[in-house]
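The values are calculated or read from the model by the stated rules, or taken from the named source; none is laboratory data. Nothing here was measured: the structure is a model prediction, and the numbers come from that model. Don't worry about glycine lacking a Cβ; one is built from the backbone with ideal geometry, like all the others, and counts go over all protein chains shown.
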């Protein structure tokens, strides 16, 4: 099973990349996991937010393969408990495509184009967190989900 | 306004304490913020989970002052959007007690004693996250809330 995490903009916080390294190593035991970083749009100072979102969206859509199962991490998405998210993932792994591609948007969210291409929308929280912290949260949760699927003693209900 | 974050167990992940340092510094501009760490219960290897929770609970309750507004960060709590959480906080700051004490439990959650003392329960997510990561999440969110209250350009709706 291949799982990719698609991100807008480089992370520039060391504590975030340190945490991501820890979960990358742990995830390697369960799946082929990779992080794909889309460079930030340049010269945005005088660019309207909608145009910035649109351009980011174009870059995202280009990177989604035809057979990918594309999942947006988005506040408009379904909220799961951890065991429900694990059950959802287990089903995707049995019935779905070759690659599951999770996408974290930029600070202004996703363009309409990206919403139209998405297969699923999942929300990690009703609260807003910086997209750099969302990366870390998501990777920990993905690791947690795999330990639930495998019945390993990490997650407590 | 004084805000305390009460935690069970030392953090031993460097990336978490690095992140917490960043938000501690930012929070210092808005409130008197401190982290209080309750030491882990010792010799838990053969201790039933309920006893471990009970003992942790006793230590927590001892540290809650009579006039504190005690808020558990708990999956059974209310879920807010960031602006709603900010509105809740603004009200507490106007009408409530001298100190707001937020409490993050251990891996098995809170004892009944702690639930009985609590004034509010707030949930950061339906998903379960490690309590070490919850500290970081909460501190970022508290910082975000203050920027919303002050009308500063950090949070985007």
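Find the residue count for region B:27-64, including only residues that are within 19 Å of residue B:98 (Cβ to Cβ) and at pLDDT below 90.
Within region B:27-64, residues that are within 19 Å of residue B:98 (Cβ to Cβ) and at pLDDT below 90 number 0.
Being more than 28 Å from residue B:15 (Cβ to Cβ) and in contact with a helix residue (DSSP H, G or I) (Cβ under 9 Å, 6 or more places away or on another chain) is true for just one of A:78, A:38, A:71. Which residue is that?
The unique qualifying residue is A:78.
State all residues of region A:82-110 that are outside any helix (DSSP H, G or I) and within 16 Å of the chain's Cα centre (by Cα); if no residue qualifies, say none.
A:99, A:100, A:101, A:102, A:103, A:104, A:105, A:106, A:107, A:108, A:109, A:110
Based on what the data block shows, is residue B:57 buried (at least 17 other Cβ atoms within 10 Å of the Cβ), more than 14 Å from every other protein chain (Cβ to nearest Cβ) and out of contact with any strand residue (DSSP E or B) (no Cβ under 8 Å at 6 or more places or on another chain)?
yes
How about region B:139-157: which of its residues are more than 7 Å from chain A (Cβ to nearest Cβ) and either in a loop (DSSP other than H, G, I, E, B) or in contact with a strand residue (DSSP E or B) (Cβ under 6 Å, 6 or more places away or on another chain) (or both)?
The answer is B:150, B:151, B:152, B:153, B:154, B:157.
Answer with yes or no whether residue A:14 is more than 15 Å from the chain's Cα centre (by Cα) and within 23 Å of residue B:136 (Cα to Cα).
Spelling it out, residue A:14 is indeed more than 15 Å from the chain's Cα centre (by Cα) and within 23 Å of residue B:136 (Cα to Cα).
Would you check which residues across region B:12-26 are surrounded by 13 or more Cβ atoms within 10 Å (Cβ to Cβ) and assigned to a loop (DSSP other than H, G, I, E, B) and list them?
B:13
From the set of residues in region A:84-97 that are touching a helix residue (DSSP H, G or I) at 6+ places or on another chain (Cβ under 6 Å) and surrounded by 16 or more Cβ atoms within 10 Å (Cβ to Cβ), which is nearest to the other protein chains (Cβ to nearest Cβ)?
A:85
Quick one: count up the residues across region B:111-130 that are in a strand (DSSP E or B) and touching a helix residue (DSSP H, G or I) at 6+ places or on another chain (Cβ under 9 Å).
3
How many residues does region B:129-154 contain that are farther than 13 Å from residue B:85 by Cα, surrounded by fewer than 17 Cβ atoms within 10 Å (Cβ to Cβ) and touching a residue at least 60 places away in the same chain (Cβ under 8 Å)?
The total comes to 1.
Would it be correct to say that residue A:133 is in a helix (DSSP H, G or I) and within 11 Å of another protein chain (Cβ to nearest Cβ)?
Judged against the criteria, residue A:133 is a match.
Evaluate the following for residue A:9: is it crowded, with 16+ Cβ neighbours inside 10 Å, away from every other protein chain (no Cβ under 12 Å) and closer than 29 Å to residue B:22 by Cα?
yes
Of everything in region B:27-53, what is surrounded by fewer than 17 Cβ atoms within 10 Å (Cβ to Cβ) and either out of contact with any strand residue (DSSP E or B) (no Cβ under 9 Å at 6 or more places or on another chain) or in a helix (DSSP H, G or I) (or both)? Give them in sequence order.
B:28, B:29, B:42, B:43, B:44, B:45, B:46, B:47, B:48, B:49, B:50, B:51 - these are the residues of region B:27-53 that are surrounded by fewer than 17 Cβ atoms within 10 Å (Cβ to Cβ) and either out of contact with any strand residue (DSSP E or B) (no Cβ under 9 Å at 6 or more places or on another chain) or in a helix (DSSP H, G or I) (or both).
Among the residues of region B:70-83 satisfying the criterion of being buried (at least 20 other Cβ atoms within 10 Å of the Cβ) and in contact with a strand residue (DSSP E or B) (Cβ under 6 Å, 6 or more places away or on another chain), which is modelled with the lowest pLDDT?
Per the criteria, the residue is B:74.
With (1) without any contact (Cβ under 8 Å) to a residue 60 or more places away in the chain; (2) over 17 Å from residue B:147 (Cα atoms); (3) away from chain A (no Cβ under 14 Å) as the list, and residue B:78 as the residue in question, which single condition is left unmet?
Only one criterion is unmet by residue B:78, namely (3).
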